[in-house]
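The values are calculated or read from the model by the stated rules, or taken from the named source; none is laboratory data. This is a predicted model, so every value here is computed, not measured. In this analysis, Cβ positions are derived from the backbone assuming ideal geometry, glycine residues included, and neighbour counts consider all displayed protein chains. For accessibility, only protein heavy atoms count, side chains too; no ligands or nucleic acids. Shrake-Rupley method; radii C 1.70, N 1.55, O 1.52, S 1.80 Å.
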Amino acid sequence: FRHEGREVPILFSLEAPRILLLQNLLDGTECDALISLARDRLQRSPVVNPDTGDENLIDARTSMGAMFQVGEHALIQQIEARIAAITGLPVEHGEGLQILNYKPGGEYQPHFDFFNPQRPGEARQLRVGGQRVATLVIYLNSPPAGGATAFPKLGLEVAPVKGNAVFFRYKQPDGTLDDRTLHAGLPVESGEKWIATKWLREHPYRSKG
């Protein structure tokens with residue numbers, strides 16, 4: 001891919017499910033700047049309760065996170081435009097950028113990013129932009145050990161390398177959701193891990209239902 005003079009090579013691609021590993025989506029300076037923006041805003045990362053739709057803290061997810069509004073900062077605007085150009089999904093279909101920090105031992109156990117319409121709490125999430133269709137995880141640093149993104153149903157692990165990003169799409173053309181996109185953030189073995197996550201919706205996203 002090219003965007004505004006930046007080359008973003010594809011290191012590997014999988015057709016089904018659609019998974020791309022992108023090199024140099026962000027440069028080192030952009031990665032460091034995002035970490036700096038997030039540091040003052042970090043809070044323990046919640047997950048959506050499938051029954052109520054509320055955000056709860058659970059042991060399966062041990063990161064600290066910072067949420068940003070779409071276009072909140074000039075750097076974020078620039079990155080969101082690049083993500084839209086590369087994924088083909090408009091900026092307004094994106095949820096706000098979420099920056100996560102995992103300390104040693106920090107992990108996110110296997111989970112799906114899409115919502116289950118059968119669960120009332122998750123159905124509530126569908127009212128603000130419809131189903132999530134794809135995820136982009138950007139690695140903002142390179143942990144000394146551990147912290148890979150694993151796809152257990154595919155036997156695939158993506159090493160966290162600063163500036164690289166893994167993109168995966170779970171909403172298929174026929175509307176079904178691909179459960180092979182089950183994924184996990186493996187435990188960080190040493191150092192810490194910083195990532196930025198972008199969830200993309202089927203319709204323009206607004207943060208309140």
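Looking only at segment 45-56, residues that are out of contact with any Leu (no Cβ under 9 Å at 6 or more places or on another chain) and touching a residue at least 12 places away in the same chain (Cβ under 8 Å) come to 7 in all. The residues of segment 95-115 that are open to solvent by 20 Å² or more (accessible area, probe 1.4 Å) and among the acidic types (Asp, Glu) amount to a single one, GLU107. Considering only residues in segment 181-209 that are open to solvent by 40 Å² or more (accessible area, probe 1.4 Å) and either at pLDDT below 95 or under 20 Å from ARG82 (Cα atoms) (or both), the one that is farthest from the chain's Cα centre (by Cα) turns out to be GLY209. Pairs only if they're at least six apart or on different chains, beta carbon under 7 angstrom, first in segment 175-193 and in a strand (DSSP E or B), second modelled with pLDDT of 95 or more and of a type in the set (Ser, Thr, Tyr); list them, first residue then second. So the pair list comes out as LEU177/TYR170; HIS183/THR149; GLY185/THR149. Going by the structure shown, is GLU92 at pLDDT 95 or above, open to solvent by 10 Å² or more (accessible area, probe 1.4 Å) and touching a Pro at 6+ places or on another chain (Cβ under 6 Å)? Spelling it out, GLU92 is indeed at pLDDT 95 or above, open to solvent by 10 Å² or more (accessible area, probe 1.4 Å) and touching a Pro at 6+ places or on another chain (Cβ under 6 Å). Reported count of residues in segment 132-173, each being open to solvent by 10 Å² or more (accessible area, probe 1.4 Å), more than 22 Å from VAL8 (Cα to Cα), part of a loop (DSSP other than H, G, I, E, B) and modelled with pLDDT of 95 or more, is 5. Here ASP59 clears all of (1) without any contact (Cβ under 8 Å) to a residue 24 or more places away in the chain; (2) closer than 30 Å to PRO173 by Cβ except the condition numbered (2). Being of a type in the set (Asp, Glu) and open to solvent by 60 Å² or more (accessible area, probe 1.4 Å) is a condition met by at least one residue of segment 72-89.
Of all the criteria given as (1) more than 24 Å from ALA150 (Cβ to Cβ); (2) in contact with a helix residue (DSSP H, G or I) (Cβ under 7 Å, 6 or more places away or on another chain); (3) in a loop (DSSP other than H, G, I, E, B), the one not satisfied by PRO50 is (1).
Considering only segment 149-204, state which residues are over 20 Å from GLN23 (Cα atoms), small (Gly, Ala, Ser) and in contact with a strand residue (DSSP E or B) (Cβ under 6 Å, 6 or more places away or on another chain). Correct list: ALA184, SER190. Per the conditions (1) more than 22 Å from LEU26 (Cβ to Cβ); (2) of a type in the set (A, V, I, L, M); (3) open to solvent by less than 30 Å² (accessible area, probe 1.4 Å), the sole criterion not satisfied by LEU177 is (3).
Please verify whether ALA66 is within 17 Å of the chain's Cα centre (by Cα), of a type outside the set (Ser, Thr, Tyr) and not in a helix (DSSP H, G or I), treating the condition exactly as stated. Yes: the conditions hold for ALA66.
Do we have THR29 as at negative phi and free of Cβ contacts under 8 Å to residues at least 24 places away in the same chain here? Yes, satisfied.
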